[in-house]
Structures are given as C-alpha cells and as structure tokens.
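Chemist: Before we start, here is the structure in question, set down as structure tokens.
Derivation of every value follows stated rules applied to the coordinates shown; laboratory data play no part. Given the structure is predicted, the values throughout are model-derived calculations rather than measurements. FYI the Cβ positions are ideal-geometry reconstructions off the backbone, even for glycines, and counts take in every protein chain you see.
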Amino acid sequence: MKKVIMMACTFLVAGALVNGVSVLLKSPFICKFLEQNLILILVAILAVNTTTISVILTKMREIADKNPKIDFKNTRKSMRQSTIEHLCLIGIAAAVQIVKGSPIVCASFKPAEFIFEAILIGIFIYSIQILYDTAQSVYVILDYGH
C-alpha cells in the first residue's frame with residue numbers, strides 16, 4: 001500500500017509539472033485531449049493489460065507445471081493489484097471529471113481547475129506506467145529459460 005501511495009504522489013507531482021508547463025506555454029492541448037479521451041484511453045489500456053496478463057498467466061502455468069518448485073504467488077498478486085489500481089484510476093478519473101465540470105466548485109476555489117487537470121494528467125501517466133510494467137513482464141516471461 002505504501003508503494004502505491006508513493007507512486008500516486010510521484011505521478012501527481014509529474015501531472016502538476018506537465019500541467020504547469022502547459023499553462024506557461026498557454027497550450028490547452030493535453031488538458032482538452034484528456035478531458036475528451038481519458039476514460040476511453042484508460043478502459044482501452046485496461047483491456048490491453050488484462051489480455052496481456054492472461055497470456056502471461058498461461059505461460060506462468062506452463063513454467064510452473066514443468067518446475068513445481070517455482071512459485072508465482074507474488075507475481076499473480078502483483079498482477080491482480082495492478083488491475084485493481086487501474087480500475088481505481090478509472091473511477092477517480094470519472095469523479096474528478098464530474099467535479100471539474102462543476103462551475104460551482106471551480107468558481108468557489110480558484111486553483112481547482114489546475115489541481116483537477118494535474119490529477120487527470122497524473123492518472124494518465126500512472127496508467128502508462130502500469131502498461132509499461134505489464135509489457136516488461138512479457139519480456140521477462142519470454143526470456144525465461146533462454
């Protein structure tokens with residue numbers, strides 16, 4: 001849990017930095033893009049990750065059948081956790097977009113828009129990191145025994 005919180009904080013800071021640069025450059029591109037596409041992108045990445053994880057689990061089963069001493073319990077647990085994290089990111093992104101769309105919230109708290117945009121950018125970066133981790137596991141499992 002501590003690792004997840006640290007990662008979330010890291011990606012929130014990264015989101016704030018990216019949003020800060022975007023504001024300085026007066027470029028609304030990333031915020032408009034994520035406002036229109038973030039949920040769809042997150043669901044697509046989740047679908048890719050879930051499919052990839054199922055392929056990896058199949059290969060892990062083959063390896064475990066050949067080598068009964070190998071235990072993939074922690075790996076399976078990590079894969080389950082990444083799926084849960086991703087589902088949480090989708091829920092948080094939806095909630096943030098709902099609140100961000102409220103003129104009441106944005107009018108009553110001036111930095112709200114910047115904060116919400118930073119959170120959404122951080123969520124996007126976090127989801128890309130999850131995708132990267134899954135891709136790395138593919139290479140590890142393919143290289144096993146070679």
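Chemist: Quick one: net charge of SER78's neighbours, Cβ under 15 Å, K/R +1, D/E -1?
Modeler: Working: positive: LYS2, LYS3, LYS73, ARG76, LYS77, ARG80; negative: ASP71, GLU85, ASP133.
Residues close to SER78 contribute a combined charge of +3.
Chemist: Going Cα to Cα from LYS32, which lysines come in below 22 Å? Please leave out same-chain ones fewer than 8 positions away.
Modeler: Correct list for LYS32: LYS100, LYS110.
Chemist: Next question, about the same structure. Quick one: Karplus J couplings for segment 120-134, per residue in order, coefficients 6.51, -1.76, 1.60, θ = phi - 60°, nearest Hz, x for Gly and Pro?
Modeler: Once rounded to whole Hz, the list reads 5, 5, x, 4, 4, 5, 4, 5, 5, 5, 4, 4, 4, 4, 5.
Chemist: What's the exposure ranking of MET7, MET79, MET1, MET60, going from fewest to most Cβ atoms within 10 Å?
Modeler: MET1, MET7, MET60, MET79
Chemist: Only loop residues by DSSP count here, and only those with at most 13 other Cβ atoms within 10 Å; note down the chymotrypsin sites (Phe, Trp or Tyr not before Pro) in segment 1-98 that meet that. Kindly include the intermediate steps, with their values, before the conclusion.
Modeler: Working: sites: PHE11, PHE29, PHE33, PHE72; in loops: PHE72.
In loop regions of segment 1-98 (DSSP not H, G, I, E or B), there are no sparsely surrounded chymotrypsin sites (Phe, Trp or Tyr not before Pro).
Chemist: Still on this structure, I have one more. Can you pull out the chymotrypsin sites (Phe, Trp or Tyr not before Pro) in segment 78-146 whose DSSP state is coil and whose Cβ has at most 16 other Cβ atoms within 10 Å?
Modeler: In loop regions of segment 78-146 (DSSP not H, G, I, E or B), the sparsely surrounded chymotrypsin sites (Phe, Trp or Tyr not before Pro) are PHE109, TYR144.
Chemist: Find me the longest stretch of the chain that has none of the exposed trypsin sites (Lys or Arg not before Pro), where exposed means in a DSSP loop (not H, G, I, E or B) with at most 10 other Cβ atoms within 10 Å. Could the numbers behind the result be given before it?
Modeler: Numbers: sites that count: LYS26, LYS69.
Formally, the longest exposed-site-free interval is 70-146.
Chemist: Compute the signed sum of charges (Lys and Arg +1, Asp and Glu -1) over the other residues within less than 14 Å, Cβ to Cβ, of PHE109.
Modeler: Local charge sum for PHE109: 0.
Chemist: Per-residue ellipticity at 222 nm for the chain, helices alone: DSSP H runs ≥ 4 residues times -39500 (n - 2.57), over residue total, nearest 500 deg cm²/dmol?
Modeler: Only helices count here, giving -31000 deg cm²/dmol.
Chemist: Starting at the first residue of segment 74-88, write each ³J(HN,Hα) from the Karplus equation 6.51 cos²θ - 1.76 cosθ + 1.60 with θ = phi - 60°, in whole Hz, x for Gly and Pro.
Modeler: 5, 5, 4, 4, 5, 5, 4, 4, 5, 5, 5, 4, 5, 4, 5
Chemist: Next question, about the same structure. Dipole magnitude of the chain about its Cα centre, charges +1 at Lys/Arg Cβ and -1 at Asp/Glu Cβ only, in debye to the nearest 20?
Modeler: Computed charge dipole of the chain: roughly 300 debye.
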